Amino acid sequence: MPEPVIEVRDLRTYFRTPGGIARAVDGVSFSINEGETFSLVGESGCGKSVTALSVIQLVPVPAGFIAGGEVLLRGRDIVHLSELEKRRIRGNKISMIFQEPMTSLNPVFTIGNQIIETIRLHQKKSTREAKTIAIEMLRRVGLPEPESMYYEYPHRLSGGQRQRVMIAIALACRPDLLIADEPTTALDVTIQKQILSLIRDLKREMRTAVLLITHNLALVYRNAERVGVMYAGKIVEMAPTRILFRNPMHPYTVKLMHSIPGMDKRGKPLDTIKGTVPPATMFPEGCRFSGRCPVEMEGCSRAEPPLIEYERDHLVACHLYDRGFMDRPVSRPITTGGESAPMRWTPSVKEEILLEVKGLRCYYPIRKGLFKRIVGYVKAVDGVDLTIKKGSILALVGESGCGKTTTGKAILRLIEPKGGRIVFKGRDITSLSEGELKPYRACMQIIFQDPYSSLNPRMMVGEIIEEGLKTLRPEMDRKERQEKVLSVMERVGLSGDMLKRYPHEFSGGQRQRIGIARALAVDPEFIVCDEAVSALDVSVQAQILNLLKSIQKDSGISFLFITHDLSVVEYIADEVCVMYKGKIVERGGVEKIFSSPEDEYTRTLLEAVPRID
Amino acid sequence: MPVVLSTDLIVYFLVLLIIYCAFAVRKEGYLSIAWHQIRTNKLAMVSMFILFLYIGVALLDSIRWRDVVLDSEGRVMHKEDGSVIYSPQALSLLDRLLHDMRVNTEKTFSAPLATHLYVKETIELPDGTRIRDYPPLKYPGTHLLGTDKVGNDVLFSAIKGIRTGIVIGTGTTIIIIPFAILFGVLAGFYGGVVDDIIQYIYTTLSSIPSVLLIVAFMLIFGERGYQGGLITEEDIFFKIFVPNDRLFWLCVIMGITSWTDLCRLLRGETLKLREMDYVQAARAFGVSSLRIIYRHIVPNVMHIVLITFVLQFSGLVLAEAILSYIGIGVGPEMGSWGNMINTARLELSREPIVWWNLFAAFIFMFGLVLPANIFGDAVRDALDPRLRVR
Amino acid sequence: MLAYIIRRVLYAFPIIMGVNLLTTVLFFYVNTPDDMARKILGEKNITQEAIENWKRDRGYDLPVFINTEEKGLAMITQTIFFQKSLPLLWFDFGRSDRNNIDIGREIQKRMWPSLSISLPMFIIGIMANLTFAMLIAFYRGTYLDIWGVVLCVIMMSISTLFYIIGGQYLLGKVLKLFPISGYDTGIYSIKFIILPVIIGVISTMGVGIRFYRTVFLEEINKDYIRTASAKGLSETRVLFKHALKNAMIPVLTNVVVSIPFLFYGSLIMEAFFAIPGLGSFTIDAIQAQDFAIVRSMVYLGSILYIVGLILTDISYTLVDPRIRLE
């Protein structure tokens, strides 16, 4: 057995917060061998990023501190080294790339400057030698014209190119371990694929160990040899990738995998996890998943399950796999009874056309020169045709900047289109005045991506949901409105006592429910979902997708589902339009597009999506 | 007969505002969260207590009335037309509470708690001989901070400066807030020509050196108003109201010069808020622009207004002293720390020096500005987490 | 860049016109030339004839904005506004109301003493503030930081007046290190400059250090700083190379706009230290209620402010490669 490059033993990283000590990482152990990719996967707040920062010894001070455990780099503990010695390791033996390529590079220094800085720091090289190495690295990470790229400033590069520069910086000293913390989360899926295969190639070539931190299970499946699933500061299951995906053992892992949307789950509700992740200051005493676990037993909330090797290389921390525990009476299951029997949905799509968009164009002027004259236009949306049938879900997919959000807002006349026609139920609403538009406002609603900026923080939940009724249903009195608000809150799964509370008291998923309730309150026939589930963790996303799907089924509302996430599309949509550079490049039924795409771009897009077979 | 100065209204308004805030923090909402955070900060709480003390004194000093004039036999005097004659002196509640301190004046300088004057005089002894010595005080040992050149109690002058400080510190911002919100929000929300015009106005205003603008304004408006001291019949409107108060004009012009910063901040914030999803959601409901401004924009910029209010306070108090020092601040008869410093400065060159005047002004000003700074920081940290720096 | 500067200069015209309009309204409408004459001539029972003479001498006998007695273009040109505003464009400030001195020449003469005080104050002040701010930002979270900030808050709670009075008393009178006030020509002025500079620097340190500290800490929390630390750079290098250059951007906004004002002098400092600069010139004019001088200084101030804004924008391009002036 080869000696591991890095070995983490019982790592504990805590943070001092006003609410007490937050145990962000609480006893994590793993090791990574040379040339191996180990992935830590989990939902937000599980402690995966803090683990990464602890490994490279960059826990934010003074709030955070390593409370215990060891990090062995080729057998040497680095937790207790002096700051000077730690600096010799950072960027040299262990290096790291981050999620946000747009802000991770210093804007005021050239690319070349930022690369040679690392080289000169860790290796005895002259500036000229360092420059040669830097240009070579730029070439290796696949940047065009490395010689001139060397003198560029970061803002001139795209997000993908910047991430390549980050990789060049990280690998410039040929480190033993590369930590990649959500390296592609901020990038488009086609760029994501390129970046990940670049990391894979360079890893193979340099025999670097890679610690890949991500929330995306499919990405893990394609890119890691071994996986650790994290939940609430602990690794709950760890195994070689193939084994884990073939045979997930921990109830959390199982649930997580079942909540990923996809083609195979069409027509069925997604599996969800009840409740929310507890805050790091108050983890449950026993198993941290207790209270949310579908197969919870009586003793689970009292005793913490250790991480045991149940099969060869397959470690799991669950009492289910602990014979000693299962033999005792504490293993009586708790019947929660909350789980409803899975139902099947049948499409209720009618052939009647609800909304028709013809040749929609939205241009933004480019101004230049002495008097800021308009010299041209950015064609954000350039002749888009869409047809949405009554009761159907049309997905509009595309990468960032393709104009899909602009299209959605222009349909609702939140952005004034420059040309084209929007026909809703046979009436052209493109040039109606705001007054004439009012009856249509109730029919067409929108749900936003960011659950934090979509609710006015100064308004109570009741007022937020009521707002549309006040404007659009002036004939309703206070009591009728109140009843209506309560009924939609119940519909989206919020309890009535939340009426007088403010948005900040709710979790992301609950906020998204409030946003949905707000849209539903005015009884719309058509809702634009602008990346409505993209900011959510996969288990919460599953809940919201189930909710949207059931709304579609029950009330026959049509949806325009704007998203970049193809797995959501194949799960929920009836029809798909693929958008690229302001134009629709391909349209059709979901099955057809996903099985036999015709357009070149659609094919690239589909191939880039990581999948679990 | 009560008398109300326009600046008294500012103090009343400030007190009402504090009471309103006290009720608002009881409700659930961002104010109550902020309040809970401020409450954990002991230093801020002490500062708040001190500020309340100052404001309390200012309030006492803003409730004033004129007494009837009595003749030598103690009867109320009347004018020829039969109306009662009131004294031109509108003494405040504070003046009346501190009656002894106000009227027990000495001849000239005396050191804190001294029993004798600070300067030698020729005294005629009972036996007829004349010596040069320090004459005894009329009220020995009662002047905690001594007396000034004309024998007034220094502590009393310093206390009288409190109201001026509080009025300048709060009144200035209170007067400009409505305009700043109106113009800032309109410029940010509507953009285009409205924005151009408003930006033009505030760029023009801020391009004028603020001291000079204040000077010009005060030379023109301030000269004609009530300067402090006695009230003449021309000053009074509707029997009790004195609108043309020099201090009020000072608040107005200092408001105009500090207006642009708040306006610019609000414009920037509105530009951001305009694009927020919840504003888009409201527009998707067909909610009118005015209602969006009222429901979604204004409540979400109020924290900036509140932060500006508390952060500007100390700067304004300091600025008032400087302006009064140059001679364009409050009137010479209005109690003010700037005036005190102005007169005390020359006394430093005396031998031995007279320091207590300056000392009193320093302590009282510092005692107001330091807690204001500390409390202001606490409020900013609590209301705007983005500005917080660990 | 050139197009940008041209546009900014063109944009400055309406602002300058606005300033002139405002001062004209303030000084000639709200406060009529008659009021002015009475104040300046001083006597209580002054004859209307004397007032008219005074006004005619200074060209204040014209209508303010529109001359209805004239025809055509002269309707506008034969007015106070036109006659008094237009020459300002080529910096012809005219003569003062009281002593009939040439304001333009006086400004040229007096700006140098102002500069001799404000320039060292400016440079030393920025360097001192930046140095201390970086020091406490470097030791953030330690007692040095906490007490440094406390000291800053205390320092910024003290009025400038006390700094000046205290400084003059302590350094000038008690320790007798420097003359308390006054000015001299040429090289001899140095001994008079030191004291105001020291006091000026110290009095702005509280606000300055705290502001720069906030700027630094904001930069320190940015992502690129984390990248720099992950490279293994020392904290000093992270702070002094990576954070400093980025922090210069907000610092410049604050600092560059005041560079043209170095000529303008400081009212308070010059009054206290008897420096014959533009600040004391202004203060004297205020106390003498000489509106011609005040108006000229307002105009000069606006011009300097606009120049400062343009300089600020240009200085951005020097530190921030993302900004191109279009």
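What to note about this one:
- Residue within the stretch A:230-246 that is at negative phi, open to solvent by 20 Å² or more (accessible area, probe 1.4 Å) and assigned to a loop (DSSP other than H, G, I, E, B) present: no
- Annotation note: of B:289, B:349, the sole residue that is within 14 Å of chain A (Cβ to nearest Cβ), of a type in the set (Gly, Ala, Ser) and surrounded by fewer than 19 Cβ atoms within 10 Å (Cβ to Cβ) is B:289.
- Among the residues making up the stretch C:212-228, a single one is charged (D, E, K, R) and open to solvent by less than 20 Å² (accessible area, probe 1.4 Å): C:219.
- Qualifying residue in the stretch A:89-96 (condition: in contact (Cβ under 8 Å) with a residue 40 or more places away in the chain, under 23 Å from the mean Cα position of the chain (by Cα) and assigned by TED's automatic domain parsing to the domain that holds residue A:24): yes
- When C:187, C:209, C:180 are checked against the criterion of being open to solvent by 10 Å² or more (accessible area, probe 1.4 Å), aliphatic (A, V, I, L, M) and either out of contact with any helix residue (DSSP H, G or I) (no Cβ under 9 Å at 6 or more places or on another chain) or not assigned by TED's automatic domain parsing to the domain that holds residue C:128 (or both), C:187 stands alone in meeting it.
- Filtering the stretch A:444-461 to residues that are more than 7 Å from chain B (Cβ to nearest Cβ) and either in a helix (DSSP H, G or I) or touching a strand residue (DSSP E or B) at 6+ places or on another chain (Cβ under 8 Å) (or both) leaves A:444, A:447, A:449, A:461.
- Every listed requirement among (1) modelled with pLDDT under 80; (2) open to solvent by less than 60 Å² (accessible area, probe 1.4 Å); (3) over 23 Å from the mean Cα position of the chain (by Cα) is met by residue B:229 save one, (3).
- Residue match in the stretch C:68-89 (condition: outside any helix (DSSP H, G or I) and within 17 Å of residue C:289 (Cβ to Cβ)): no
- Single residue of the stretch B:84-120 satisfying the filter (hydrophobic (A, V, I, L, M, F, W, C) and open to solvent by less than 30 Å² (accessible area, probe 1.4 Å)) that is nearest to residue B:60 (Cα to Cα): B:94
Residues are listed down the side, and each one gets a yes or a no for (1) under 18 Å from the mean Cα position of the chain (by Cα); (2) in contact (Cβ under 8 Å) with a residue 12 or more places away in the chain; (3) within 13 Å of chain A (Cβ to nearest Cβ); (4) assigned to a helix (DSSP H, G or I):
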| site | (1), (2), (3), (4) |
| --- | --- |
| C:183 | no, yes, no, no |
| C:195 | no, yes, no, yes |
| C:201 | yes, yes, no, yes |
| C:204 | yes, yes, no, yes |
| C:213 | no, yes, no, yes |
| C:269 | yes, yes, no, yes |
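- Residue check, residue A:375 aliphatic (A, V, I, L, M), modelled with pLDDT of 80 or more and not in a strand (DSSP E or B): no
- For the stretch B:233-246, the criterion of being within 26 Å of residue C:18 (Cα to Cα) and either part of a strand (DSSP E or B) or modelled with pLDDT under 90 (or both) is met by none of the residues.
- Residue within the stretch B:203-224 that is in contact (Cβ under 8 Å) with a residue 60 or more places away in the chain, more than 14 Å from every other protein chain (Cβ to nearest Cβ) and open to solvent by less than 10 Å² (accessible area, probe 1.4 Å) present: no
- Residue within the stretch A:486-493 that is over 30 Å from the mean Cα position of the chain (by Cα) and either at pLDDT 90 or above or not basic (Lys, Arg) (or both) present: yes
- Yes/no for residue B:276 being at the interface with another protein chain (Cβ under 10 Å from one of its Cβ atoms), over 25 Å from the mean Cα position of the chain (by Cα) and either at pLDDT below 90 or open to solvent by 50 Å² or more (accessible area, probe 1.4 Å) (or both): yes
- For the stretch B:15-32, a residue qualifies if it is within 19 Å of residue A:459 (Cβ to Cβ), surrounded by 12 or more Cβ atoms within 10 Å (Cβ to Cβ) and free of Cβ contacts under 8 Å to residues at least 24 places away in the same chain, and the qualifying residues are B:24, B:25, B:28, B:29, B:31, B:32.
- Residues considered: C:176, C:241, C:231. Of these, the only one that is free of Cβ contacts under 8 Å to residues at least 24 places away in the same chain and more than 14 Å from chain A (Cβ to nearest Cβ) is C:176.
- Condition check for residue A:539: hydroxyl-bearing (Ser, Thr, Tyr) and over 17 Å from residue A:605 (Cα atoms): yes
- Cβ-Cβ under 6 Å pairs, at least 6 apart or on other chains, the stretch A:385-414 side touching a residue at least 24 places away in the same chain (Cβ under 8 Å) and within 14 Å of chain B (Cβ to nearest Cβ), far side of a type in the set (Asp, Glu) and open to solvent by 10 Å² or more (accessible area, probe 1.4 Å): A:405/A:530; A:408/A:530
- Scanning the stretch C:279-295 for residues that are open to solvent by less than 10 Å² (accessible area, probe 1.4 Å), of a type outside the set (Val, Ile, Thr) and within 11 Å of another protein chain (Cβ to nearest Cβ) gives C:279, C:285, C:290, C:291.
- The number of residues in the stretch C:30-53 being within 14 Å of another protein chain (Cβ to nearest Cβ), open to solvent by 30 Å² or more (accessible area, probe 1.4 Å) and not in a helix (DSSP H, G or I) comes to 1.
- Taking the criterion of being within 8 Å of chain B (Cβ to nearest Cβ), on the phi < 0 side of the Ramachandran plot and either surrounded by fewer than 20 Cβ atoms within 10 Å (Cβ to Cβ) or touching a residue at least 24 places away in the same chain (Cβ under 8 Å) (or both), the residues of the stretch C:132-161 that qualify are C:140, C:153, C:154, C:156, C:157, C:158, C:160, C:161.
- Of the helices (runs of 4 or more DSSP H) lying entirely inside the stretch A:69-148, the ones with 2 or more residues being open to solvent by less than 20 Å² (accessible area, probe 1.4 Å), within 9 Å of chain C (Cβ to nearest Cβ) and within 17 Å of residue C:242 (Cβ to Cβ) are found at A:111-122.
- Hits in the stretch C:1-29 - residues which are open to solvent by 50 Å² or more (accessible area, probe 1.4 Å), modelled with pLDDT under 85 and under 16 Å from residue C:60 (Cα atoms): C:25, C:29
- Candidate set: the stretch A:468-487, residues that are open to solvent by less than 10 Å² (accessible area, probe 1.4 Å) and out of contact with any Asp or Glu (no Cβ under 7 Å at 6 or more places or on another chain); chosen: the one nearest to residue A:512 (Cα to Cα): A:468
The values are calculated or read from the model by the stated rules, or taken from the named source; none is laboratory data. Computed from a predicted structure; not experimentally measured. Positions of Cβ are generated from backbone atoms using ideal geometry, with glycine treated the same way; all protein chains shown enter the neighbour counts. These accessible areas exclude ligands, DNA and RNA; they are computed on the full protein's heavy atoms, side chains included. Shrake-Rupley method; radii C 1.70, N 1.55, O 1.52, S 1.80 Å.
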